[in-house]
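Read through the structure below, which is laid out as structure tokens, and then see the notes.
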Amino acid sequence: MKIDILAVGIHPDDVELSASGTLLRQANLGYSFGLLDLSLGELGSRGSAELRTLEAQAAADILGAAFREQLDLPDGFFAHSPENMLKIVRVIRQYQPHIVLCNAPDDRHPDHGRAAKLVVDACFYSGLIKIETRDTEGKVQAPWRPKSVFHYIQDKQLTPDFIVDITPYFDKKMQAILAFGSQFYDPNNPDDGPRTPISGKEFLDFMEAKARVFGRPAQVQFAEGFIGTRTPAVGNLFFGVKLGGGGDWGGGGGGGGAPLPSLIEKPKKSAPPPPPPPGDLGCLKIFAFHSGYSKYFRRIPLKNSRSSSQVARISDSKLPSSICLRSKLVPANRSK
């Protein structure tokens with residue numbers, strides 16, 4: 001299976017909290033995406049690895065992800081090692097994403113920045129021919145390097161390089177977040193488990209406020225922020241410009257393209273030519289040849305199959321014997 005976007009988080013729920021609105025928007029534009037959790041989040045103060053895995057799959061179903069995979073990097077104690085990097089490389093080569101989204105480069109939780117560095121490096125090394133990996137069937141994988149890697153912004157309020165308008169998808173994003181019932185505020189069980197910085201209602205209020213803050217400079221209601229690993233190039237000055245009073249953005253292929261760099265060019269299918277009206281078979285173009293030179297002579301519309309008699313009438317014209325007539329059939333959809 002080949003996908004367009006791979007969204008990676010060190011913990012289950014990292015992607016939902018900071019990039020799920022963008023994934024929903026890109027999916028609405030026809031792009032596919034998958035999710036990768038590097039750890040099971042077993043050090044979380046609330047819930048368990050088994051419960052968080054069930055919640056993670058429920059959230060993936062809400063988002064409509066093509067898949068959700070989980071690696072076994074130790075939560076909190078993973079190392080930037082060849083072994084761990086190759087685990088990520090195998091997934092990148094298996095699904096060949098054009099874009100990878102990963103943790104913030106700097107955040108309150110130290111795992112986030114460390115995981116971001118690990119993923120960025122894995123994306124680079126995944127493109128090297130001399131690094132060999134094998135798939136689950138033992139076959140050697142082809143090298144693959146994503147076109148771009150973007151960091152989603154998490155708890156710390158970093159300055160984004162660009163934002164994505166997620167206004168139409170904010171409610172569904174919150175549904176995916178609340179699928180992690182062991183981690184976040186549940187009004188039916190407000191005191192269920194130890195209190196953490198993300199377990200109270202104020203954290204959900206913060207999520208809404210943060211999305212509003214990201215959206216404010218672009219004059220949209222809700223947005224998610226991203227940081228690039230390199231300067232992106234755009235091929236259209238209307239990229240990221242909101243058109244009219246609706247939700248359409250310039251540079252995204254028209255009709256609602258999000259202000260995410262258009263790095264994946266989807267082939268546009270040209271519309272087939274309209275069928276000719278009943279009885280319209282096209283035309284014959286008659287050319288007169290004389291002493292090696294040709295000149296357009298006459299155009300004959302063909303309304304039925306009696307083309308031979310029509311050409312015969314032209315041949316009966318009183319022309320010098322040195323002039324030879326030739327005809328060319330032009331289909332109806334090209335006869336203008």
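Taken over the stretch 143-161, the residue count meeting the criterion of being surrounded by 11 or more Cβ atoms within 10 Å (Cβ to Cβ) and either assigned to a loop (DSSP other than H, G, I, E, B) or out of contact with any strand residue (DSSP E or B) (no Cβ under 9 Å at 6 or more places or on another chain) (or both) is 13. Restricting the first member to the stretch 220-240 and to residues that are farther than 19 Å from Val149 by Cβ and assigned by TED's automatic domain parsing to the domain that holds Glu16, and the second to residues that are of a type in the set (S, T, N, Q) and modelled with pLDDT of 90 or more, the beta-carbon pairs closer than 6 Å and six or more apart or on different chains are Val220/Thr167; Gln221/Thr167; Phe222/Thr167. Summed over the stretch 3-21, the residues that are crowded, with 24+ Cβ neighbours inside 10 Å and either among the charged types (D, E, K, R) or within 18 Å of Phe78 (Cβ to Cβ) (or both) give a count of 9. Within the stretch 179-206, the set of residues being assigned to a helix (DSSP H, G or I) and buried (at least 17 other Cβ atoms within 10 Å of the Cβ) comprises just one member, Phe203. Would you say Pro168 is over 28 Å from Glu208 (Cβ atoms), surrounded by 15 or more Cβ atoms within 10 Å (Cβ to Cβ), within 19 Å of the chain's Cα centre (by Cα) and in contact (Cβ under 8 Å) with a residue 60 or more places away in the chain? Against the criterion (over 28 Å from Glu208 (Cβ atoms), surrounded by 15 or more Cβ atoms within 10 Å (Cβ to Cβ), within 19 Å of the chain's Cα centre (by Cα) and in contact (Cβ under 8 Å) with a residue 60 or more places away in the chain), Pro168 does not qualify.
Filtering the stretch 105-142 to residues that are among the hydrophobic types (A, V, I, L, M, F, W, C) and part of a helix (DSSP H, G or I) leaves Ala115, Ala116, Leu118, Val119, Val120, Ala122, Cys123, Phe124.
The values are calculated or read from the model by the stated rules, or taken from the named source; none is laboratory data. Note that the coordinates shown come from a computational prediction; the quantities given were computed from them, not determined experimentally. We place every Cβ from the backbone using ideal geometry, glycine too, and count neighbours over all the protein chains shown.
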